[in-house]
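Here's the structure, in structure tokens; my notes come after.
The values are calculated or read from the model by the stated rules, or taken from the named source; none is laboratory data. Worth saying up front: this structure is predicted, and the values here are computed from it rather than measured. Every residue, glycine as well, gets a Cβ built from its backbone with ideal geometry; the counts of neighbours run over all protein chains shown.
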């Protein structure tokens, strides 16, 4: 107990005062020690620790459980590994041998003799050859079978620590950290990267294959300046995030961890919520106890909405996502979204929330049907929805074509300002589809959009259209898009579809489907209609050329459109 | 005359190669591209590439033509005439490009629109304003996207020509309703020119279809270039986009100025026999002209031939159970029969997944489908030849009719039970009554227990006996019912059987008839929509609504519907008179016999019931009477005793007045004694008094 108290104090001290390396070392030490302790006593020594590199408090047992379920996407099934860090000249400066348990838990770390690798670097052996050569040596010297070899460049490590130090000093919020780390890893795996930031591994894992695939498809990541891309992505994700305060709990077979997410401000706060152990002793195997737990969270932390998710379906979805082969086919996307929708509709089986949503009430459903609202979340046709969306989106394009998706805060300025100057955060992603596969995605930066938009605006503003109604806005957007399509033709070729999507719309979409629809009052139907109205508003969403589905949406009332489309998206037949 | 072919990584590059070779090898001073140019492009519907041509390639071709020859280009999309071609091209995003290049577009649907406007009393205005500036086209380019129709037939130049011929034929049929001399628009003149040009390719039909005078090309032979893009190939039977389909990539484009040669070459390279194709008989004369000559292919590298025969099997799986029943097909029906099964497959898959059998009947005298859930009959030939078919009328009595359940109650259902089922049903109903009997028995026991505290034994026995009698009567009644049920159910089943022998003939409502007029494009959809409700087929209705801006659907004509219904009613009348009338007397005789039998049986039960009830009465009544007598006596004696006591009290009371104090005491004691006594004590008192008397 005394040891435990000391640990809590240390943790706080390291969190606030210590250097990045010291904090990392301390937290890694906790992981190693707790694994060793667990091996002997079948229980964990400590309760809390900081997740390495993320500055996020977590329950150690929950972390270890999550890690053992997830590690083989990042490491090989034999998780023992050699970590080699190169110096600026490209020769090994440090090397570590990490020993793991059969479950992938980190057990021990030993510093290695660098001279072991010198010959191999000199002979310029490939990573596979290095691995094959070092395998018997390690076996002989440490009596350990290694499963992975990782090589990091000095610049990569420096970059990693600089992000981490910013994280500790709380200059970055969670979204910023994730984006920065992701871009760093993508950059490090890019063969054309000139900044000598690299990270290599053998054998390749799902994680590296996924990053390589992203590098293949999203070819723009190194083209534009990284900081600009980072800023654009961060502000985009933050703007898309619903402005809510809620608690998010994840439950594994034995553990529950809870976080408070507060996204009401631009900087998104994620905070660990310590839980009452007596509450967790019940293991929360039935929904009643889960609801009790959520009520407790609401009462204690004053969170208006509380979610609890099962870990297994989340891992399954991550697996589906990470194991995709690149270029990603539309069929694969179909399957991934099927999994997500299946998870979404499995209320009470895979997730639960408090306050309980009215829409999930079985008796209320009969009233809904009586008012001819054929909405039943439990019966969403998960097999049909992605196919329906893909078919309607690609109908006029076919199996090959280019789609430009332009994202911005709002397109109000395009429709209303005569003195046009783009101040919004615009950026475009040009998706090239070939034989139903996403072949490549090009990034069109805010500057080039601005330049092209201004060109277009000069042409169409001569018409001096008075823009007041939606139909007139649509005309403006159409002219604007036409001109943009012509302007982009010399550089990017023929673009079949230009889609304008505002972050406001994405936020409303996410908020409606995740929060509003599950509200405990009757307003959900009106909120769904409000969301559709946003789709109709060219300030938020516009598709050029008007595809049949978009055309139908524009010319129908939101309610009747919903009533027409819902019987297709919901399986209403009773078997 | 040669065929040029090229193969490259992208379609744009391949097209550029082809155009370069064309300029270098085929075009010369005598044989050159001259303006105005007509560019016919293969667009079968609102679906994108590779069903339709690649818009990017089209732009490259237009740019090449404008840069090298002339900007005077007219584009004709090969869409069926009811499509709103302008909207379809806009839907492709081509509007801006075509506007920029100043390309004029010939919209077949607009010709019909103009003619209808003229007919609606705007003739004079139109006449004055429009001065036709049409010049005969000097070059025609036919740009086809190669696809597959079936194992033997490719979607190639011949398909496109045939489809154009069908489109223009229906266009002129439509226009012929209005006086053609009144229409002098450029579009119409262009259409007339194209029609005349098209007829060159259909020598067989020369006699049946006349040229339209006035605009026939002066030069009999004009430069016609055929471009067949086989860069990506897909089965083009259905014009609905399916994301699961993966196209084959031969990465080839063919070009020639000879229709016959390019067709021979395309079929040769895809390892198919032209003579087996659907279009061979139609274009036989042209194809056979060049058969003996050696084909010359101009290409830089050796092209490998490409077997596409497996594409249909692998790629377009039969999604659900649509069965085709083809009779003798006319030429047009034959072409339609290629599309319709796959198109319906895609259209109806979402809504009718659980339907086992949808039958499509096309052509004269098609085979009769067995047990189809829905029957769709296409074309007048099929409709006429199936008016008397066995599936047109249904015997309602022979249709399976299952009851539906609300909670535990079965409603409806009128099926005949077989022996085992009947026996089970009888037992089920008998069990219910037996349960009632058991309940009655438990009730009587409970009653006996409830009256156990009655002081007078006779009274208690009387109550028990009367209750037992009633119970026995009820039980006897129920036992008779049990026996009755067996006979009742047996006879009811028999009656049902006999009644069902009489055919109850109705018109089969699950047949959709579509006239020949609706065989082009998507004209058949409103006929299906009319039959299927929104609730029944939501996806289908959604597709229809989505397509309204792009397609001019014409509603099914009431006159045609009425005509069909009257024909069907006549058939119904004759069938009823033929089948049901001779059967009626025999059925009635059988019914009477069975009913008589039932009545007799029921009479027997009634008599038996009476006897049994009488027996119960005889058993119980004497006992009850005896008890009643006893009880009566008891009551009489009690009455007597009461009177006596009253008299005694009266006597004491009178004595009281005589001797107040003494009598008062005695009276009180007596009173107490009397209140303590029960009826038994009274009886004993009476006995004692009698003895003493």
Can you name the residue in segment A:480-491 that is facing chain B (nearest Cβ under 9 Å) and over 31 Å from the mean Cα position of the chain (by Cα) and is also nearest to residue A:543 (Cα to Cα) among such residues? A:482
Of the residues in segment B:55-87, those that are within 14 Å of chain A (Cβ to nearest Cβ), surrounded by fewer than 24 Cβ atoms within 10 Å (Cβ to Cβ) and assigned to a loop (DSSP other than H, G, I, E, B) number 1
Residue selected from segment A:546-563 under the condition free of Cβ contacts under 8 Å to residues at least 40 places away in the same chain and surrounded by fewer than 18 Cβ atoms within 10 Å (Cβ to Cβ), by the criterion farthest from the other protein chains (Cβ to nearest Cβ): A:559
Residue list for segment B:241-277, restricted to those being surrounded by fewer than 18 Cβ atoms within 10 Å (Cβ to Cβ) and away from chain A (no Cβ under 14 Å): B:268, B:271, B:273, B:275, B:276
Residue hits (segment A:349-363; surrounded by 13 or more Cβ atoms within 10 Å (Cβ to Cβ) and assigned to a helix (DSSP H, G or I)) are A:358, A:359, A:360
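So which residues in segment A:380-401 are part of a strand (DSSP E or B), in contact (Cβ under 8 Å) with a residue 24 or more places away in the chain and facing chain B (nearest Cβ under 9 Å)?
A:401
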Return a yes/no flag: does segment B:536-552 have any residue that is in contact with a helix residue (DSSP H, G or I) (Cβ under 9 Å, 6 or more places away or on another chain) and exposed (fewer than 15 other Cβ atoms within 10 Å of the Cβ). yes
Residue check, residue A:404 against (1) in contact with a helix residue (DSSP H, G or I) (Cβ under 6 Å, 6 or more places away or on another chain); (2) under 30 Å from residue B:50 (Cβ atoms); (3) within 14 Å of chain B (Cβ to nearest Cβ); (4) outside any helix (DSSP H, G or I), all met but one. Which one? (1)
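Here is a yes/no grid of residues against (1) on the phi > 0 side of the Ramachandran plot; (2) in contact (Cβ under 8 Å) with a residue 12 or more places away in the chain; (3) more than 14 Å from chain B (Cβ to nearest Cβ); (4) touching a strand residue (DSSP E or B) at 6+ places or on another chain (Cβ under 7 Å):
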| site | (1), (2), (3), (4) |
| --- | --- |
| A:332 | no, no, no, no |
| A:337 | no, yes, no, no |
| A:342 | no, yes, yes, no |
| A:346 | no, yes, yes, no |
| A:358 | no, yes, yes, no |
| A:362 | no, no, yes, no |
| A:366 | no, no, yes, no |
| A:369 | no, no, no, no |
| A:374 | no, yes, no, yes |
What single numbered condition from (1) assigned to a helix (DSSP H, G or I); (2) within 13 Å of chain A (Cβ to nearest Cβ); (3) touching a residue at least 60 places away in the same chain (Cβ under 8 Å) fails to hold for residue B:90? (3)
Looking at (1) more than 10 Å from chain A (Cβ to nearest Cβ); (2) modelled with pLDDT under 85, which one does residue B:19 not meet, given that it meets all the others? (2)
Go through (1) under 30 Å from residue A:263 (Cα atoms); (2) assigned to a loop (DSSP other than H, G, I, E, B); (3) touching a helix residue (DSSP H, G or I) at 6+ places or on another chain (Cβ under 8 Å) for residue A:165 and report which single condition fails. (2)
Against the condition part of a helix (DSSP H, G or I), surrounded by fewer than 21 Cβ atoms within 10 Å (Cβ to Cβ) and more than 14 Å from chain A (Cβ to nearest Cβ), how does residue B:31 come out, does it pass? no
Do we find a residue being surrounded by 14 or more Cβ atoms within 10 Å (Cβ to Cβ), closer than 30 Å to residue A:446 by Cα and at pLDDT below 80 anywhere in segment A:255-262? no
Within segment B:518-539, tally of residues that are touching a strand residue (DSSP E or B) at 6+ places or on another chain (Cβ under 7 Å) and either at positive phi or at the interface with another protein chain (Cβ under 9 Å from one of its Cβ atoms) (or both): 1
The conditions are (1) assigned to a strand (DSSP E or B); (2) touching a helix residue (DSSP H, G or I) at 6+ places or on another chain (Cβ under 9 Å), and residue A:73 fails exactly one of them. Which is it? (1)
Among the residues that make up segment A:526-542, is at least one of them within 14 Å of another protein chain (Cβ to nearest Cβ) and in contact with a strand residue (DSSP E or B) (Cβ under 7 Å, 6 or more places away or on another chain)? yes
With the checklist (1) in contact (Cβ under 8 Å) with a residue 40 or more places away in the chain; (2) within 11 Å of chain B (Cβ to nearest Cβ) in hand, flag the one item residue A:519 doesn't pass. (2)
Within segment A:502-514, is even one residue surrounded by 21 or more Cβ atoms within 10 Å (Cβ to Cβ), out of contact with any helix residue (DSSP H, G or I) (no Cβ under 7 Å at 6 or more places or on another chain) and either assigned to a strand (DSSP E or B) or within 14 Å of another protein chain (Cβ to nearest Cβ) (or both)? yes
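Per-residue answers, yes or no, for (1) part of a helix (DSSP H, G or I); (2) within 14 Å of another protein chain (Cβ to nearest Cβ):
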{"site": "B:470", "(1), (2)": "yes, no"}
{"site": "B:477", "(1), (2)": "yes, no"}
{"site": "B:485", "(1), (2)": "yes, no"}
{"site": "B:503", "(1), (2)": "no, no"}
{"site": "B:541", "(1), (2)": "yes, yes"}
{"site": "B:549", "(1), (2)": "no, yes"}
{"site": "B:562", "(1), (2)": "yes, no"}
{"site": "B:570", "(1), (2)": "yes, no"}
{"site": "B:579", "(1), (2)": "yes, no"}
Looking at segment A:219-248, which of the residues that are outside any helix (DSSP H, G or I) and at pLDDT below 85 is farthest from residue A:441 (Cα to Cα)? A:225
Report whether or not residue A:505 is touching a strand residue (DSSP E or B) at 6+ places or on another chain (Cβ under 7 Å) and modelled with pLDDT of 85 or more. yes
